[in-house]
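Just below is one structure, and these are the notes that go with it.
The values are calculated or read from the model by the stated rules, or taken from the named source; none is laboratory data. Note that the structure is a prediction, hence the values are computed from the model and not measured. Positions of Cβ are generated from backbone atoms using ideal geometry, with glycine treated the same way; all protein chains shown enter the neighbour counts. Areas reflect the complete protein model, heavy atoms only, side chains present, ligands, DNA and RNA absent. Shrake-Rupley method; radii C 1.70, N 1.55, O 1.52, S 1.80 Å.
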Amino acid sequence: MGAFNSAGDWYWWLLLPVYKWFVLQLAVWALRGVTRVILANNPLSGAVMLLALYWASPWQGLVGTVGLLTSTLIAVILGQDSAEVRGGLHGFNGMLVSLLMGAFNSAGDWYWWLLLPVCLGSATSVFFFSGLSQVLDRWDLPVAVFPFNMVIVLYFLCTGRDNPYFPHRLAVPPSTVPLNATALSATEVLQGIPLGVGQIFACGSLGPSLLILAGLCLYSPLQAIHALLGSAIGTLAGLSVAVRHECLCTGLSGFNGALGCMAVGGLFFTFNWRTHLLAISSAFLSAFVDIALSNLLGAMGMPACSWAATLSVTLLLLLTGTLSTYRIPLARVKAPERNMRSRGRWEAGNTEERDSTDV
Amino acid sequence: MGAFNSAGDWYWWLLLPVYKWFVLQLAVWALRGVTRVILANNPLSGAVMLLALYWASPWQGLVGTVGLLTSTLIAVILGQDSAEVRGGLHGFNGMLVSLLMGAFNSAGDWYWWLLLPVCLGSATSVFFFSGLSQVLDRWDLPVAVFPFNMVIVLYFLCTGRDNPYFPHRLAVPPSTVPLNATALSATEVLQGIPLGVGQIFACGSLGPSLLILAGLCLYSPLQAIHALLGSAIGTLAGLSVAVRHECLCTGLSGFNGALGCMAVGGLFFTFNWRTHLLAISSAFLSAFVDIALSNLLGAMGMPACSWAATLSVTLLLLLTGTLSTYRIPLARVKAPERNMRSRGRWEAGNTEERDSTDV
Amino acid sequence: MGAFNSAGDWYWWLLLPVYKWFVLQLAVWALRGVTRVILANNPLSGAVMLLALYWASPWQGLVGTVGLLTSTLIAVILGQDSAEVRGGLHGFNGMLVSLLMGAFNSAGDWYWWLLLPVCLGSATSVFFFSGLSQVLDRWDLPVAVFPFNMVIVLYFLCTGRDNPYFPHRLAVPPSTVPLNATALSATEVLQGIPLGVGQIFACGSLGPSLLILAGLCLYSPLQAIHALLGSAIGTLAGLSVAVRHECLCTGLSGFNGALGCMAVGGLFFTFNWRTHLLAISSAFLSAFVDIALSNLLGAMGMPACSWAATLSVTLLLLLTGTLSTYRIPLARVKAPERNMRSRGRWEAGNTEERDSTDV
């Protein structure tokens, strides 16, 4: 782990005990991991988002933190690439696994036994990340949240509503016809748009969702706009196939659209009007695929998580033709704003920038 | 788009307005796309097949044409490889998506709102085609109808029987035991064999099915024979595991067998007695896999479309051992009859033939 | 088939008729195939294991033998790589397909029609093996029992409980809450551990399971220990999510753990304390994934077979980081004990050992 001495050598005497230094480093890696959930990469944004999670529910915040730290530590122990660990790439899947375990747990808050599957699931996500990266690298594709989606599906399949130790709520397919449908209020639907951003962290309260959005804005305003746009598109897609009102109002219809829109709009493709249109298509695709997969997995009582956005973005990253010329190689992906500036430079052959994981 | 001047330069003065010229070109590309559905590649056959579709049902013909043109145009707009577009490779998936949407739509014919998902689904199939081609190219595999199968499954999952805007019929698993089974008439089962060829275009009438077969004969008699043979094998496979009589009589048991048989018998493998045996195996494999997948997807009310044939042929194209020596590289695949003649030549090092997409 | 003269040329005059010689060779290949089921490779162990199967149920022994011979012969006919055939790599999938068909068949023993799907299924597994090997070779991954798992799922989907020709029992998901749960006896659970080793061959009797374990010990004591350890871990995992008592007592909870533990502990990774910990993780992962997949496939009445162990081991073989340095390249994999000895040699550049398929 050369990571120990990678930065800030000049104040080593301030933090003489190595373990304190390691704890501080770990905190930075973990905070980067928090932002990775929403496709950002900035410890400060991470702190804001973590705060939002603790605000929404202290128990969820704790569960998320445990998952985040467990998977980051396991990655260190397994000797994963230190640049990846420092960039927070091994934290976000574990965190998402934990947050979803917490959100669907039906044994109530502060059910301490839940930390057992949280730790195991987070650790497993590191194995999935490492294994999948070898396969996806062949096509220069990001592993993204595939590990989270796989681990959480396995967890939900293992346990169930009636499990004596780890019971969980069942998800309801979005196309279920409600018994007594109420009229849809425009305000509630509009509220669903910012909630869609919060739902990326499995958070369904308005305040914390706005705080998460603020944290994202801190990293990249362009990405925050795409998140809102994508969530709105997702809600529109939900309306077009008449999903349950609950899905629209809680933001569940929007979060896959938001993820799909953010990933294409500026992050993995240089931002311009063509890729902006692609980002809108990506949001629609993610949203419709999410409705399809939610109906499929919902038939087994499982949520579709972010399978839809992950699969859709992976597909669009594989695209050939004119649009593929705007794609940014994975090793050069930064914040949308920096992508726009740096593209010209590296295309001109200037290869001085290698710090692709720092922001 | 160098495609504009690719052929027939001598009569450009006849069609001075460029848009007319483009429309004519597009028509040829689209008609090639029609034949691609049934693994052929010939605008004239395409015209015959399209005629058959309009004969069977004008609404289905219209829906199919809209899907065909949409996906071809989207491919042009997305700047896909012009040789592929000219060869009709971007039309057939969109057409199939549209035809299936039309065939399973339960809101009745001339339900104009259906054109909305038809256009969206066809456009999406281009994205899937482009993305999947990058992955499958590594093993020199054709993308085939994977995009169609994926898009249509997503569409069926998104909507449902009770969808207020886009309701569709539910498919019944072939192994469902009927309440009052009637005796099976040999004539009806035999009729199912040519119907199996029509079912490739989701067409269940005998006359149009025979016309489609005639169109296929125009392109390659060998392939037409394989289509009938495969459909017969599919029916046999259906009988062997006692599927519902309806599946046998409507040709639904046969069409995957037909596709599997055609693809291996002469198209992707040089025709000889060994590959003929492989084609028969392929038809059996496709038919049995289709029964399996129809039972699986039918449990969710969805048809298995041509998943079975696509997966089986993909598997057989990956085959190693003696049989793989007869495999024709994807770039050299032509009509079965021409494959037989050209093989000797290109094996002898004669590389003058590059026009692999023309027939 | 250069295989004919590969060994024992000096006593060719003893077995003048070539067909007898071929039959003897085939027997050795087939016996190697028997051991491949349990990740071993030794004709003598194979004979012991086959004996155990005949002891448990003569009909199951016969069905297994038919499948084993069919798939080996089909591989010879299809001209598969002769080294693979001689190593028994084309026998074990067919054998497993047959054993599972027999075990779930509800038409009773000595139902001779079953040999039809047994032969077809075994033959199909060779096609799957050959096709999948081309894809998995890119990542130096073993095909393992993927073909078996795929073919048996297709078979179960094709037929069903009510099939008039090939009826089969339905599997029950392990998380089903029993109507009248009885207290769990420790003896029964402990008995489930050796039974877990037998369940790899779909054998649920204690005596034959112990004989199989003895046969494995003959090949590699280290692997036998890992099999028992993995089965115990699988049982523990089953207890932790409260699966049905029946699963625990019959060894069904244990066999995926056993496979996962054996594959990682010494076979595909050099044995040391780090990989021993990985083997334990692998057993846990396989066991939990098995519970998840059994619940998923069990909802359709199908058993999850060894999907879990196969997928888990494939994932761990893809692992990057420190642990991947202990991975043994696929072409050099031998018995665990020989892996430990030979690693030093081939790392030192000594490349004299090429007989990786012999034991």
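Data overview
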read-out	value
Whole-number D in µm² s⁻¹ for the range A:148-209, Kirkwood Cα-pair radius fed into Stokes-Einstein, 4 °C, 1.567 mPa s	89 µm²/s
Virtual spin-label span in nm between B:Val177 and C:Arg138, 7 Å along Cα→Cβ	4.5 nm
Theoretical FRET efficiency, 1/(1+(r/R0)^6), r = Cβ-Cβ of C:Leu44 and B:Ser205, R0 56 Å, to 0.05	0.30
Calculated FRET efficiency for the pair C:Ala299/B:Leu277, C-beta based, R₀ 51 Å, to 0.05	0.85
Whole-angstrom gap from the range C:85-150 to the range B:193-240, using each part's C-alpha centre	31 Å
Compactness of chain C - radius of gyration and Dmax, Cα, Å	19.8, 67
Position A:Thr187, label points 7 Å along Cα→Cβ, spacing to each other copy in nm (shortest first, one decimal)	7.0, 7.0
Of every Cα-Cα pair in the protein assembly as shown, the percent that sits beyond 54 Å	18 percent
Residues of chain C: accessible area per residue with a 1.4 Å probe, Å²	39 Å²
At R0 = 45 Å, FRET efficiency that the Cβ-Cβ distance of A:Ala331 and B:Leu190 yields, to 0.05	0.15
Translational diffusion coefficient (Stokes-Einstein; Kirkwood radius from C-alpha pairs) of the range A:15-155 at 10 °C, 1.306 mPa s, in µm²/s	106 µm²/s
Bridge type composition, the protein assembly as shown - antiparallel percent by DSSP, nearest 5	65 percent
Label distances, nm, A:Arg341 versus same residue in remaining copies, Cβ-directed 7 Å point	6.3, 6.4
Relative contact order for the range C:82-155, counting Cα pairs under 8 Å that sit 6 or more residues apart, in percent	38 percent
Rotational relation B to C, axis-closest Cβ in chain B, residue and distance rounded to whole Å	B:Arg138, 4
Length-normalised contact order for chain C - Cα pairs under 8 Å, 6+ apart - percent	16 percent
Filtered chymotrypsin sites (Phe, Trp or Tyr not before Pro), the range A:102-152: DSSP coil and at most 16 other beta carbons within 10 Å	A:Trp110, A:Tyr111
Delta accessible area of at least 50 Å² on complex formation, residues of the range C:95-142, 1.4 Å probe, chain isolated as reference	C:Phe127, C:Gln134, C:Arg138, C:Trp139
Tensor-based shape of the range A:89-208 (alpha-carbon gyration tensor, a/c under 1.5 rounded, otherwise prolate or oblate)	oblate
Solvent-accessible surface ranking, highest first, for A:Thr70, C:Thr35 at 1.4 angstrom	A:Thr70, C:Thr35
Inter-label distance for A:Asp81 and C:Arg161, nm, one decimal - labels placed 7 Å from Cα along Cα-to-Cβ	5.0 nm
Minimum 40 Å² accessible area buried by the other protein chains, the range B:146-188 residues, probe 1.4 Å, relative to alone	B:Leu154, B:Leu157, B:Cys158, B:Tyr165
7 Å along Cα→Cβ, label-point gaps from B:Arg161 to other copies, nm, shortest first	2.0, 2.0
Cα-based shape type of the range C:213-286, given that a ≥ b ≥ c are square roots of the gyration tensor eigenvalues and the cut on a/c is 1.5	oblate
Partner chain coverage, peptide A:235-245 - average Cβ within 10 angstrom	2
Relative contact order, percent, the range B:198-352 [alpha-carbon distance under 8 Å, six or more residues apart]	23 percent
Net charge contributed by nearby residues that have their C-beta within less than 13 Å of C:Trp139 (K/R +1, D/E -1)	+1
DSSP loop GluC sites (Glu not before Pro) with at most 15 other Cβ within 10 Å excluded, longest remaining stretch of chain A	A:1-351
Whole-percent carbon and sulfur share, accessible surface of the protein assembly as shown, 1.4 Å	68 percent
Residue order for B:Arg341, C:Arg338 - accessible surface, 1.4 angstrom probe, largest first	B:Arg341, C:Arg338
C:Ser106-A:Thr322 pseudo-label distance in nm [points 7 Å out on the Cα-to-Cβ vector]	5.9 nm
Threshold 10 Å², the range B:297-329 residues less accessible with all protein chains present than alone (1.4 Å probe)	B:Ala299, B:Met300, B:Leu315, B:Leu316, B:Leu318, B:Leu319, B:Thr320, B:Gly321, B:Thr322, B:Leu323
Amide H partners (placed H, <5 Å) of A:Phe269, local residues excluded	A:Ile328
Within chain B, helix-based [θ] at 222 nm, where runs of 4 or more DSSP H residues each add -39,500 (n - 2.57), nearest 500	-19500 deg cm²/dmol
Total accessible surface hidden between B and A, rounded to 100 Å², 1.4 Å probe	2100 Å²
